[in-house]
Amino acid sequence: MRRVHTAVDPAVEVRGLSRHFGTRTALRDVSISVSRGEIHSLLGPNGAGKTTLLRILAGLTRPSAGTAHVLGLDILHQTAVVRGLVGVIPPGDRTFYQRLSGLENLIFFGRLYGLGFRDAMRRARETLEAVGLTGQEHLMIGKYSQGMQKRLAIARALLTDPAVFLIDEATHNLDPEGARLVRELIRNAADRGAGVVWATQRVEEIRGFADTVTLLHRGEVRFTGTTAQLVSLASPTSFLLRIRNGGMAPELMTAQLRAALGGLGVIAPDAGADGEHYVMTVANGSTLGAAIGAISRADLQVLSCHETRPEIEQAFVELTEESPS
């Protein structure tokens, strides 16, 4: 488990934050705290308010109510200072100069961030290597793929080794290896003490990566805690089994399966399936292995078994479901 630094001011502290755009509410009474060295994921569907919150923390949008501090600095009154201390990775980036190369762009932004020319050149080459763009550094940005431009945006955020990262859909348009590299770079930055706010709608990428998760829906906080705590809120996991039929009537097969399982779980035919597919939910205190073993001992052959929906995805769906009106 990675070490999170808590002895000094939090990297990010948000209290009672709201943002209204006319009659639309993008954020309502949101509070989060991110320690130095912590990866804090903002999880939620499109329109949840994740990007609005990041824009406020980056000093690009003013809140309608509430407070936000970055490294102990008030984002409303010390905006310029805060901007110089954070590394921002937006979901899409149109701020690079298309007729300059990747290297030239990074040198330009390094100089803009206050680095001398030699330091800007050195850091540009180091960060290009870190994101896997060595060999494409002299290519014009207009010829970069979307994935390459995303990597370049990450390289730019790393230029000054910032104390806080604000990251919006960092792995969008990246292949699995590129996404893995990005998470590794950000994890290393957190290990060095940086606070990370990582916004995503991809539930699968936060397991084993985020220290803390805040789930936003329609601008409100629905959950804050660890990924394990999030998973614990999900309904029992179901599995889709394919069981060799051998010409047995579906009603008889179902009765035999239920008798074999006993108290280990519940099972029913998959709606509209072919007589070989069944949905099974394992009882609390039991295990999938025990349930499969009981079925096999009843001379029923299990041909395949698949989780119908990962637990973390199930929790996400249940927490963002709309209540019936």
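The values are calculated or read from the model by the stated rules, or taken from the named source; none is laboratory data. These numbers were taken from a predicted model, which means no experiment stands behind them. Note: ideal-geometry Cβ built from the backbone for every residue, glycine included; neighbour counts use all protein chains shown.
What is the one condition in (1) closer than 21 Å to LEU17 by Cα; (2) β-branched (Val, Ile, Thr); (3) under 24 Å from the mean Cα position of the chain (by Cα) that THR79 does not satisfy? Going through the list (1) closer than 21 Å to LEU17 by Cα; (2) β-branched (Val, Ile, Thr); (3) under 24 Å from the mean Cα position of the chain (by Cα), THR79 breaks only (3). The residues of segment 66-82 that are without any contact (Cβ under 8 Å) to a residue 60 or more places away in the chain and assigned to a loop (DSSP other than H, G, I, E, B), listed by number, are ILE75, LEU76, HIS77, GLN78.
Checking each residue in segment 128-171 for being basic (Lys, Arg) and under 25 Å from VAL34 (Cα atoms) picks out LYS150, ARG151, ARG156. Against the conditions (1) part of a helix (DSSP H, G or I); (2) surrounded by fewer than 12 Cβ atoms within 10 Å (Cβ to Cβ); (3) outside the structural domain of SER35 (by TED's automatic domain parsing); (4) at pLDDT below 80, where does SER325 fall short? Just the number, please. Single failed check for SER325: (1).
Residue by residue, here is whether (1) over 24 Å from the mean Cα position of the chain (by Cα); (2) modelled with pLDDT under 90 holds:
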site	(1), (2)
VAL70	no, no
ILE75	yes, no
ILE89	no, yes
SER101	yes, no
ILE107	yes, no
TYR113	yes, yes
MET121	yes, no
GLY142	yes, yes
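If you filter segment 144-162 down to residues that are under 13 Å from SER101 (Cβ atoms) and modelled with pLDDT under 90, you find that the one that is surrounded by the fewest Cβ atoms within 10 Å (Cβ to Cβ) is GLN149. As a summary of the residue check, LEU106 satisfies the conditions (1) out of contact with any strand residue (DSSP E or B) (no Cβ under 9 Å at 6 or more places or on another chain); (2) closer than 26 Å to LEU43 by Cα; (3) crowded, with 18+ Cβ neighbours inside 10 Å; (4) of a type outside the set (Ser, Thr, Tyr) except for the one numbered (2). Within this structure, GLY72 fails the test of being within 27 Å of GLU205 (Cα to Cα) and surrounded by fewer than 23 Cβ atoms within 10 Å (Cβ to Cβ). Given the condition surrounded by 20 or more Cβ atoms within 10 Å (Cβ to Cβ), modelled with pLDDT under 90, part of a helix (DSSP H, G or I) and not basic (Lys, Arg), answer yes or no: does some residue in segment 129-137 qualify? Within segment 129-137 (the criterion being surrounded by 20 or more Cβ atoms within 10 Å (Cβ to Cβ), modelled with pLDDT under 90, part of a helix (DSSP H, G or I) and not basic (Lys, Arg)), the answer is no, since none of the residues qualifies. Within segment 19-33, being in contact (Cβ under 8 Å) with a residue 40 or more places away in the chain and either hydroxyl-bearing (Ser, Thr, Tyr) or touching a Phe, Trp or Tyr at 6+ places or on another chain (Cβ under 9 Å) (or both) holds for THR25, SER31. Considering segment 259-282, and only residues there that are touching a helix residue (DSSP H, G or I) at 6+ places or on another chain (Cβ under 8 Å) and more than 12 Å from SER238 (Cβ to Cβ), the residue that is surrounded by the fewest Cβ atoms within 10 Å (Cβ to Cβ) turns out to be GLY262. Scanning segment 48-55 turns up at least one residue that is in a loop (DSSP other than H, G, I, E, B), buried (at least 20 other Cβ atoms within 10 Å of the Cβ) and at pLDDT below 95. For segment 260-275, indicate whether the set of residues that are in the same structural domain as VAL164 (by TED's automatic domain parsing) and over 30 Å from GLY16 (Cβ atoms) is non-empty. Looking for residues that are in the same structural domain as VAL164 (by TED's automatic domain parsing) and over 30 Å from GLY16 (Cβ atoms), one finds none in segment 260-275, hence no. Quick one: would you say PHE108 is within 24 Å of GLY147 (Cβ to Cβ) and outside any loop (DSSP other than H, G, I, E, B)? Taking the combined requirement at face value, the residue satisfies it. Taking the numbered list (1) part of a helix (DSSP H, G or I); (2) within 14 Å of the chain's Cα centre (by Cα) in turn, ASN188 passes all entries but (2).
Does segment 214-264 hold any residues that are closer than 24 Å to SER41 by Cα and either more than 30 Å from the chain's Cα centre (by Cα) or in a helix (DSSP H, G or I) (or both), and which are they? Within segment 214-264, THR227, ALA228, GLN229, LEU230, VAL231, SER232 qualify. In segment 294-305, the residues that are part of a loop (DSSP other than H, G, I, E, B) reach residues that are of a type in the set (D, E, K, R) with C-beta atoms within less than 9 angstrom, at least six apart or across chains, in these pairs: LEU300/ARG244; GLN301/ARG244. For segment 225-258, a residue qualifies if it is in contact with a strand residue (DSSP E or B) (Cβ under 8 Å, 6 or more places away or on another chain), within 30 Å of ASP168 (Cβ to Cβ) and buried (at least 16 other Cβ atoms within 10 Å of the Cβ), and the qualifying residues are THR227, LEU230, LEU233.
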